[in-house]
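**Q** Have a look at this one before I ask anything.
The values are calculated or read from the model by the stated rules, or taken from the named source; none is laboratory data. The shown structure was predicted, so the numbers you read here are calculated from the model rather than taken from an experiment. Here the Cβ is made from the backbone with ideal geometry for all residues, glycine too, and neighbour counts use every protein chain on show. For the accessible areas, the whole protein counts, side chains as well, though only heavy atoms, and no ligand, DNA or RNA atoms are used. Shrake-Rupley method; radii C 1.70, N 1.55, O 1.52, S 1.80 Å.
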2 protein chains.
Amino acid sequence: MRVYLDHNAGTPLDPKVLAAMSETLADMPGNPSSSHQFGRAARARLEQARAQVAALVKVQPRQVVFTSGGTEANNFALHAVSAQRPLGRLAVSAIEHPSVLEPARALAQAAGWSLDLIAADGEGRVSAQALQAALRPETRLVSVMLANNETGVLQPVAELAERARAAGVAMHTDAVQAAGKLEVDFEACGVQLMTLSAHKIYGPKGAGALIFDKSLEIAPLLHGGGQEHGLRAGTENIAAIVGFGVAAELAAERLGEQARLQRLRDQLQAQLQRHRQVTVFAANAPRLPNTLQFAVAGLDGETLLMQLDKAGIAVSSGSACASGSSEPSHVLLAMGVDAELARGAVRVSLGRDSTQADIDRLLAVLAEKIEWLNQAAQVAGW
Amino acid sequence: MRVYLDHNAGTPLDPKVLAAMSETLADMPGNPSSSHQFGRAARARLEQARAQVAALVKVQPRQVVFTSGGTEANNFALHAVSAQRPLGRLAVSAIEHPSVLEPARALAQAAGWSLDLIAADGEGRVSAQALQAALRPETRLVSVMLANNETGVLQPVAELAERARAAGVAMHTDAVQAAGKLEVDFEACGVQLMTLSAHKIYGPKGAGALIFDKSLEIAPLLHGGGQEHGLRAGTENIAAIVGFGVAAELAAERLGEQARLQRLRDQLQAQLQRHRQVTVFAANAPRLPNTLQFAVAGLDGETLLMQLDKAGIAVSSGSACASGSSEPSHVLLAMGVDAELARGAVRVSLGRDSTQADIDRLLAVLAEKIEWLNQAAQVAGW
């Protein structure tokens, strides 16, 4: 039995997405920049996908710039603003994904920018007060994610954006984990830049988007041909973008399915919390319906992951982008979690293919491990 | 009858590439950064593709960094070196693709770098003398392509690399158009950086690579997770990369097929040259076997393109990345071609699906247009 509970790292492709991509791959030699019939056919598919992605976050198609994924879009967002403004400061939440934190650090190390980390509280929330405390007169850009990839905690982005706007600072939000799991409305968020990714919403790896407010002047990260209205050079990855479009349309239609995932998640959480050794992180914060991060005191996260993997269960120790690393999660550390407990972190992220049987299987294997721990403790007289 | 003669802009997907990609898309939910079975399965496919791409240009797999395409790899190459060196000068040939010229201009405009354009001669060649004339003590990077995308002219990269090396300057070559059309050996080229793209060799759009010499320290362009040994963050586009790998393997096996394309191209050229109004650009230079660029004096290139398109024939006015623009080709202008003649430029690029019938059809339609031109000239008493 293979149990895949790592949907925040990547989702399987929806069959409808696969069908649309296969058709595009097989029958689309044209470069969408070419003016002949083959080029026009490719362009038409590209623009259809742009409208589908725009609809997911309720913007106009021309506010969508396609990228190679969420990481490029996050790098692009920071570059888009920093390259247009005088040197200054970036205010980035301490719990951002590495694809926001690392380009911010690179701007600080190599390009003369200064970086202020916005603190998160013990429940993994970035408050308006914390943002206010990080803002300086030279702050040019704020970046706070809509939902955290590890804990699943939702951030009060609209409220934060109001503070940023009052201070005259542009704001970006990484909505990669939120999109498809809850309704995301770009205008209602009040931000000027938003990142989306296809492969977290049953679309393909290799496609993402930066959504932008038309009042914001932005600088391209990739230079070359005039693709994407001069904002992102490079022949468009038509097949992946077509898949992204279909996935975006399906995601909007299927938001209702999240209630079932939340019931499964809540049930998993309740069962885990019956063990005194288990800590569920950010248990009291508003969270994504599909995500649960916990640790078992005394069990190392990477070891537990390997044991679960042997039992056919795929979960994560946090971000897939940092897996294999023995460093405790920067998200949990920012929440004030003890480093040793943080090393035990396991993230379970459900998806539309997740079943009651998956949860039962995970609970059974975890109960075994915890029971083993209890017996070992008794023997040792802990 | 649909006649596709724009393979330098994009090739149809090879059926074997499509099959490998479809399998990967359908059965690969895992993120290759994840340590569980799903992640390991994805990683294994990724590394297989890396070995296949490495073999195409005779390097070790660890010298391959996958990107979202040729444009990203070219931007990356310029950034990789400029971010590691003190401010200085870039020497870039005047006939480079926009994805080299534009990031070089952006570095010059925004980051304090200076840009020297290396001249091309009337046959579209960049000579060692021209490079030597462009080198300055502060030159940090040279970039000259292996084969030009418009004229098809091959550049003496090994000779140029020797001059660069003698001057202690790193060298990059854009091999996007050369790979798959002629044997490309990274070591023999003598460069430190090389760009490849999948969708010019019957692979998918959305995958490319930067090949690097291990002695060169390079800075990432995209920051975030530790993918690609920390050199290119972002979840890998597994399906496209798998397709790239298969395409690279097939390209190496099929180099012998180019002889047939060259015969077709030479025949097309001979027929065209029988018309006194036709100029074939760089006719006497060593060129890619599949490429022919010409102009008919008195016929506007974009208009001719549209007429050919109506007849079901897809060709290009030069780079697809600049199509729709009324500016004459920067490549032809750099060769000293008169701007009016350059506006007439039409590029024909053959591929493995090209047939004698395609060439006959193109020649028939072109002969009609030229005949019409002759009659108009007679009537007007030109």
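**Q** With of a type in the set (Val, Ile, Thr) and in contact with a Lys or Arg (Cβ under 9 Å, 6 or more places away or on another chain) as the only criterion, which of B:VAL64, B:VAL53, B:VAL57 stands out?
**A** None of the others qualify; the one that does is B:VAL64.
**Q** Taking only the range A:269-287 into account, find how many residues are more than 25 Å from A:ALA339 (Cβ to Cβ) and touching a strand residue (DSSP E or B) at 6+ places or on another chain (Cβ under 7 Å).
**A** As a first pass, look at the range A:269-287 and keep what is more than 25 Å from A:ALA339 (Cβ to Cβ): A:270-271, A:274, A:286.
Subsequent filtering for residues that are touching a strand residue (DSSP E or B) at 6+ places or on another chain (Cβ under 7 Å) retains A:286.
Residues that pass the stated criteria total 1.
**Q** Here is a follow-up. What are the residues in the range A:187-237 that are more than 14 Å from every other protein chain (Cβ to nearest Cβ), surrounded by 24 or more Cβ atoms within 10 Å (Cβ to Cβ) and of a type in the set (A, V, I, L, M, F, W, C), if any?
**A** A:VAL191, A:LEU193, A:MET194, A:ILE211, A:PHE212
**Q** Next question. Go through the range B:88-104 and give me each residue that's within 12 Å of chain A (Cβ to nearest Cβ) and of a type outside the set (Asp, Glu). Steps first, answer last, please.
**A** Start the filter on the range B:88-104 by keeping residues that are within 12 Å of chain A (Cβ to nearest Cβ), which leaves B:96-104.
Listed by number, the residues that qualify are B:HIS97, B:PRO98, B:SER99, B:VAL100, B:LEU101, B:PRO103, B:ALA104.
**Q** Those residues that are at the interface with chain B (Cβ under 7 Å from one of its Cβ atoms) and surrounded by fewer than 20 Cβ atoms within 10 Å (Cβ to Cβ), I need them from the range A:21-34; list them, please. Show your work before the answer.
**A** The initial filter retains those residues of the range A:21-34 that are at the interface with chain B (Cβ under 7 Å from one of its Cβ atoms), namely A:21-22, A:25-26, A:29-31, A:33-34.
Of everything in the range A:21-34, those that are at the interface with chain B (Cβ under 7 Å from one of its Cβ atoms) and surrounded by fewer than 20 Cβ atoms within 10 Å (Cβ to Cβ) turn out to be A:SER22, A:ALA26.
**Q** Only residues that are closer than 16 Å to A:ALA219 by Cβ and open to solvent by 60 Å² or more (accessible area, probe 1.4 Å): list them for the range A:75-107, please.
**A** A:GLN84, A:ARG85, A:PRO86, A:LEU87 - these are the residues of the range A:75-107 that are closer than 16 Å to A:ALA219 by Cβ and open to solvent by 60 Å² or more (accessible area, probe 1.4 Å).
**Q** Which residues, taken from the range B:280-304, are part of a strand (DSSP E or B) and either free of Cβ contacts under 8 Å to residues at least 12 places away in the same chain or within 23 Å of the chain's Cα centre (by Cα) (or both)?
**A** B:VAL280, B:ARG287, B:THR291, B:LEU292, B:GLN293, B:PHE294, B:ALA295
**Q** In the list B:MET335, B:MET306, which residue meets the criterion of being among the aliphatic types (A, V, I, L, M), touching a Ser or Thr at 6+ places or on another chain (Cβ under 8 Å) and surrounded by fewer than 20 Cβ atoms within 10 Å (Cβ to Cβ)?
**A** Of the residues listed, the single one that is among the aliphatic types (A, V, I, L, M), touching a Ser or Thr at 6+ places or on another chain (Cβ under 8 Å) and surrounded by fewer than 20 Cβ atoms within 10 Å (Cβ to Cβ) is B:MET306.
**Q** Scan (1) under 18 Å from B:ALA367 (Cα atoms); (2) within 13 Å of chain A (Cβ to nearest Cβ) for the single condition B:GLY298 breaks and write down its number.
**A** (2)
**Q** Quick check: anything in the range B:108-118 modelled with pLDDT under 95 and either open to solvent by less than 10 Å² (accessible area, probe 1.4 Å) or not in a loop (DSSP other than H, G, I, E, B) (or both)? Break it down stepwise before answering.
**A** Initial filter on the range B:108-118 (modelled with pLDDT under 95): B:109-112.
Narrowing the set further to residues that are either open to solvent by less than 10 Å² (accessible area, probe 1.4 Å) or not in a loop (DSSP other than H, G, I, E, B) (or both) leaves B:109-110.
So far as the range B:108-118 goes, yes, one or more of its residues are modelled with pLDDT under 95 and either open to solvent by less than 10 Å² (accessible area, probe 1.4 Å) or not in a loop (DSSP other than H, G, I, E, B) (or both).
**Q** With the condition kept exactly as written, say whether any residue in the range A:44-56 is touching a residue at least 24 places away in the same chain (Cβ under 8 Å), facing chain B (nearest Cβ under 7 Å) and not aromatic (Phe, Trp, Tyr).
**A** No; the residues of the range A:44-56 include none that is touching a residue at least 24 places away in the same chain (Cβ under 8 Å), facing chain B (nearest Cβ under 7 Å) and not aromatic (Phe, Trp, Tyr).
**Q** What about A:GLU150, is it open to solvent by 10 Å² or more (accessible area, probe 1.4 Å) and assigned by TED's automatic domain parsing to the domain that holds A:GLY70?
**A** Criteria not met by A:GLU150.
**Q** Among the helices (runs of 4 or more DSSP H) confined wholly to the range B:1-97, which include 3 or more residues that are at pLDDT below 95 and within 21 Å of A:THR11 (Cβ to Cβ)?
**A** On the way: elements: B:15-26, B:37-56, B:70-82.
Of the helices (runs of 4 or more DSSP H) lying wholly inside the range B:1-97, those with at least 3 residues that are at pLDDT below 95 and within 21 Å of A:THR11 (Cβ to Cβ) span B:15-26, B:37-56.
Yes/no matrix, rows are residues, columns are (1) outside the structural domain of B:ALA364 (by TED's automatic domain parsing); (2) over 27 Å from B:MET145 (Cα atoms); (3) open to solvent by 10 Å² or more (accessible area, probe 1.4 Å):
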site: B:HIS7; (1), (2), (3): no, no, no
site: B:ALA19; (1), (2), (3): yes, yes, yes
site: B:GLY39; (1), (2), (3): yes, yes, no
site: B:ARG45; (1), (2), (3): yes, yes, yes
site: B:GLN52; (1), (2), (3): yes, no, yes
site: B:ALA55; (1), (2), (3): yes, no, yes
site: B:PRO61; (1), (2), (3): yes, no, yes
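**Q** Which of the residues that make up the range A:151-189 are more than 19 Å from A:ALA134 (Cα to Cα) and of a type in the set (Gly, Ala, Ser)?
**A** Correct list: A:GLY152, A:ALA175, A:ALA178, A:ALA179, A:GLY180, A:ALA188.
**Q** Still on this model: Could you give me the residue pairs with C-beta distances under 8 Å whose first residue belongs to the range B:1-28 and is touching a residue at least 24 places away in the same chain (Cβ under 8 Å) and of a type in the set (S, T, N, Q), whose second residue is assigned to a strand (DSSP E or B) and open to solvent by less than 30 Å² (accessible area, probe 1.4 Å) wherever it lies, and which are 6+ apart or on separate chains?
**A** Between residues of the range B:1-28 that are touching a residue at least 24 places away in the same chain (Cβ under 8 Å) and of a type in the set (S, T, N, Q) and residues that are assigned to a strand (DSSP E or B) and open to solvent by less than 30 Å² (accessible area, probe 1.4 Å), the close pairs are B:ASN8/B:THR291; B:ASN8/B:SER316; B:ASN8/B:ARG347; B:ASN8/B:SER349.
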